[in-house]
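Nothing in this text is a laboratory measurement; each read-out follows from the coordinates by a stated rule. Just so it is clear, the structure is predicted and the values come from calculations on it, not from any experiment. Using ideal geometry, Cβ is built from the backbone for each residue, glycine included, and neighbour counts are taken over all protein chains shown.
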Amino acid sequence: MRLPPQGLWDFSLAVYPAPGVKPACLELQAAGLDVNVALWIAWHGAHGRDARPALEAALALSADWSGRVVKPLRAARDALKTPPGYVEAPSASALREAILRAELEAERLEQQALEALPGTAPAGGDGRALTLAGLERCAARLGARVAPAAFVESVFCALEIV
């Protein structure tokens with residue numbers, strides 16, 4: 001494996017477009033996990049760090065930011081897929097694109113805050129195993145029924161090609 005990008009956002013931008021990563025992220029999201037937290041866990045794992053000691057703080061941060069900012073933006077963007085008849089379609093489409101850009105910036109800010117969290121265990125572990133263990137604990141904590149192995153494999157395969 002090549003050395004993964006140092007920053008969480010750069011890591012996410014590097015792995016997300018790789019084959020299999022987006023569907024694996026969407027599967028985690030559909031099960032109730034925050035994709036940014038999953039990527040944060042994988043980022044730590046890729047650097048040989050255990051994210052589990054800081055998981056509660058990450059989940060609290062993510063839930064707060066998502067509830068305050070990301071979900072309202074996503075709901076507004078989704079509402080504009082079929083704009084009301086009293087709004088011109090091109091204007092609604094332009095607004096939807098602006099909201100998408102704001103949503104992506106909100107995701108970046110969340111990842112920036114997650115990256116700054118203290119408390120992860122020092123480097124030195126097996127990245128795949130640390131990531132899988134972190135995601136399993138995250139899923140258990142949230143009561144999500146999901147098998148994160150596909151996500152872990154897709155991310156670590158992506159790291160081979162970035």
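Give me the dipole magnitude in Debye, nearest 20, for region 97-162 about the Cα centre, with unit charges on the beta carbon: positive for Lys and Arg, negative for Asp and Glu. Mind dumping the intermediate values first?
Numbers: 6 positive and 10 negative charges, 63 e Å.
In total the dipole reaches around 300 debye.
Counting other beta carbons within 10 Å of each Cβ, put VAL87, VAL69 in order, fewest first. Write out the running numbers ahead of the final one.
Working: VAL87 12, VAL69 17.
With the fewest neighbours first, VAL87, VAL69 line up as VAL87, VAL69.
How long are the semi-axes of the ellipsoid equivalent to region 77-126, from square roots of 5 times the Cα gyration tensor eigenvalues, in whole Å, largest first?
Over the Cα atoms of region 77-126, the semi-axes work out to 40, 9, 7 Å.
When only DSSP loop residues count, what GluC sites (Glu not before Pro) in region 52-158 have their Cβ near at most 11 other Cβ atoms within 10 Å?
Working: sites: GLU56, GLU88, GLU97, GLU103, GLU105, GLU107, GLU110, GLU115, GLU136, GLU153; in loops: GLU88.
Here the GluC sites (Glu not before Pro) that fit, given the DSSP loop and packing criteria, are GLU88.
Could you tell me the distance between the Cα centroids of region 85-162 and region 37-58, to the nearest Å?
11 Å
Residues with amide H under 5 Å of ASP50's amide H, sequence separation 5 or more or different chain, H placed in the peptide plane at 1.01 Å from N; which?
When sequence neighbours closer than 5 places are left aside, the close amide H contacts are ALA121.
Nearest 20 debye, what's the magnitude of the dipole of the chain about its Cα centre given +1 on Lys and Arg Cβ and -1 on Asp and Glu Cβ? Intermediate values should be presented prior to the final figure.
On the way: 16 positive and 18 negative charges, 41 e Å.
Charge dipole, the chain, about its Cα centre: 200 debye, nearest 20.
What Kirkwood hydrodynamic radius, in Å, does region 65-162 give when the mean of 1/r is taken over all pairs of distinct Cα atoms and then inverted? If you can, show how the numbers build up before the last one.
Values: mean 1/r = 0.0599 Å⁻¹.
The answer is 16.7 Å.
If I take every Cα pair under 8 Å that is 6 or more residues apart in the chain, average their sequence separation and divide by the length, what percent do I get for the relative contact order? Mind dumping the intermediate values first?
Values: 194 pairs, mean separation 71.7, N = 162.
It rounds to 44 percent for the chain.
Quick one: length gained pulling LEU13 to ASP126 fully straight, 0.36 nm per residue minus the C-alpha distance? Mind showing how you got there, number by number?
Values: separation 113, 0.36 × 113 = 40.68 nm, distance 2.23 nm.
Fully extending the segment from LEU13 to ASP126 adds 38.4 nm.
Where in region 72-118 are there trypsin sites (Lys or Arg not before Pro) that are in a DSSP coil and have at most 12 other Cβ atoms within 10 angstrom of their Cβ?
LYS81
Pick out, in residue order, every one of the trypsin sites (Lys or Arg not before Pro) in region 131-162 that is DSSP loop and has at most 12 other C-beta atoms within 10 Å; say none if there are none.
Details: sites: ARG137, ARG141, ARG145; in loops: ARG145.
Answer by residue number: ARG145.
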